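Trainee: Sharing a structure below in structure tokens format, with a few things to ask.
The values are calculated or read from the model by the stated rules, or taken from the named source; none is laboratory data. Remember, it's a predicted structure, so these values are computed and weren't measured experimentally. Positions of Cβ are backbone-derived with ideal geometry, glycine not excepted, and every protein chain shown enters the neighbour counts.
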Amino acid sequence: MSKRTKLALLILIALLLLALGLYLIFSQLFQPAAVTDTGGETSITQPIKPGQTKPANGQVVSGQPVTGTQAVVNRQPTAAEILRGLENRARNAVERVGSGSSQTGFLGYADAMLDSTESYKTVLSKLQQDMVSLHPATGPAYGVSTRGASSHIDNGQPGDDKLIATVEAVQTIDAGNPRQPTGQGGKKIVVTFARQSDGSYLIDGMEWNDLAL
């Protein structure tokens with residue numbers, strides 16, 4: 001093979017390699033948007049422009065993002081949710097007022113004051129003092145425990161000045177050891193909620209009655 005023939009072959013090979021390189025470069029520049037496999041579903045990656053957000057599903061959404069927390073804060077509770085919340089508060093207040101011991105000074109009354117109107121706080125304070133006088137820490141150990149069995153709103157709807165809830169509970173008495181009760185009885189407690197100027201409700205009264213178990 002002559003030198004001229006060898007030179008021609010080298011030039012041809014160089015041109016082929018150059019053509020291959022140019023093809024690879026231009027194929028990368030002009031390829032379509034990247035396709036990502038997401039476990040059976042196909043998503044196309046798109047550029048995100050200013051003022052757009054990209055949620056978890058891969059779609060681009062215009063405007064400001066709305067987080068899950070913001071959505072929960074902005075949503076107003078329904079009437080059923082408000083009533084259910086008041087039912088739970090009534091049961092919790094009954095359990096606090098109806099539970100305590102002479103050793104601790106019946107602190108459940110003080111806990112219930114946090115969810116009560118100013119006028120009813122005075123009543124609860126007086127009831128606590130009466131219990132401390134009747135069962136002083138220096139006397140025989142005395143304890144009482146109240147557990148709510150059911151609660152429901154009997155009268156009123158959200159927005160009314162007064163809402164009435166009824167709580168049925170079981171109350172046990174002990175001599176210092178709650179695991180060894182000395183007495184047990186049923187209780188029916190009518191809890192009155194009063195609407196405040198900001199639209200919230202506070203406890204404004206409790207009426208305790210015996211209930212046959």
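Trainee: Report, ordered by the first and then the second residue, all pairs with beta carbons closer than 6 Å, sequence separation of six or more or different chains, a first member in the stretch 185-203 that is more than 15 Å from N92 (Cα to Cα), and a second member that is not aliphatic (A, V, I, L, M).
Mentor: Between residues of the stretch 185-203 that are more than 15 Å from N92 (Cα to Cα) and residues that are not aliphatic (A, V, I, L, M), the close pairs are G185/Q171; A194/T117; A194/D204; R195/D161; R195/Y201.
Trainee: Please go through the stretch 98-148 and give me each residue that is basic (K, R) and more than 31 Å from the chain's Cα centre (by Cα), ordered by number.
Mentor: Within the stretch 98-148, the subset basic (K, R) is 121, 126, 147.
The one that is basic (K, R) and more than 31 Å from the chain's Cα centre (by Cα): K126.
Trainee: Then there's this: Restricting attention to the stretch 92-108, does a residue exist that is touching a Phe, Trp or Tyr at 6+ places or on another chain (Cβ under 8 Å) and basic (K, R)?
Mentor: For the stretch 92-108, residues touching a Phe, Trp or Tyr at 6+ places or on another chain (Cβ under 8 Å) and basic (K, R): present.
Trainee: So, of the residues in the stretch 71-101 that are in contact (Cβ under 8 Å) with a residue 60 or more places away in the chain and among the polar types (S, T, N, Q), which turns out to be surrounded by the most Cβ atoms within 10 Å (Cβ to Cβ)? Before the answer, list the steps.
Mentor: Taking the stretch 71-101 first, the residues in contact (Cβ under 8 Å) with a residue 60 or more places away in the chain are 79, 82-83, 86-91, 93-95, 97-98, 101.
Adding the requirement that they be among the polar types (S, T, N, Q) leaves 88, 101.
Working: N88: 13, S101: 20.
Looking at residues that are in contact (Cβ under 8 Å) with a residue 60 or more places away in the chain and among the polar types (S, T, N, Q), I get S101.
Trainee: Restricting the search to the stretch 102-143, which residues are in a helix (DSSP H, G or I), touching a residue at least 24 places away in the same chain (Cβ under 8 Å) and closer than 25 Å to D210 by Cβ? Break it down stepwise before answering.
Mentor: Let us first name the residues in the stretch 102-143 that are in a helix (DSSP H, G or I), namely 108-113, 118-134.
Imposing the further condition that a residue be touching a residue at least 24 places away in the same chain (Cβ under 8 Å) reduces the set to 112, 119-120, 123-124, 127, 131-132.
The answer is A112, Y120, V123, L124, L127, M131, V132.
Trainee: Name the residues in the stretch 153-171 that are over 11 Å from S200 (Cα atoms) and exposed (fewer than 13 other Cβ atoms within 10 Å of the Cβ), would you?
Mentor: Listed by number, the residues that qualify are D154, N155, Q157.
Trainee: Whether any residue in the stretch 191-210 is at pLDDT 95 or above, in contact with a strand residue (DSSP E or B) (Cβ under 8 Å, 6 or more places away or on another chain) and over 30 Å from A79 (Cα atoms) is what I want to check.
Mentor: Yes, the conditions are met somewhere in the stretch 191-210.
Trainee: Further question: Does the stretch 119-149 hold any residues that are exposed (fewer than 12 other Cβ atoms within 10 Å of the Cβ) and of a type in the set (G, A, S), and which are they?
Mentor: Scanning the stretch 119-149 gives S119, S133, G139.
This table checks each residue for (1) outside any strand (DSSP E or B); (2) more than 25 Å from F106 (Cα to Cα); (3) out of contact with any Lys or Arg (no Cβ under 9 Å at 6 or more places or on another chain).
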position	(1), (2), (3)
S145	no, no, yes
G148	no, no, no
H152	no, yes, yes
I164	no, yes, yes
Q171	no, no, no
G185	no, no, yes
G205	no, no, yes
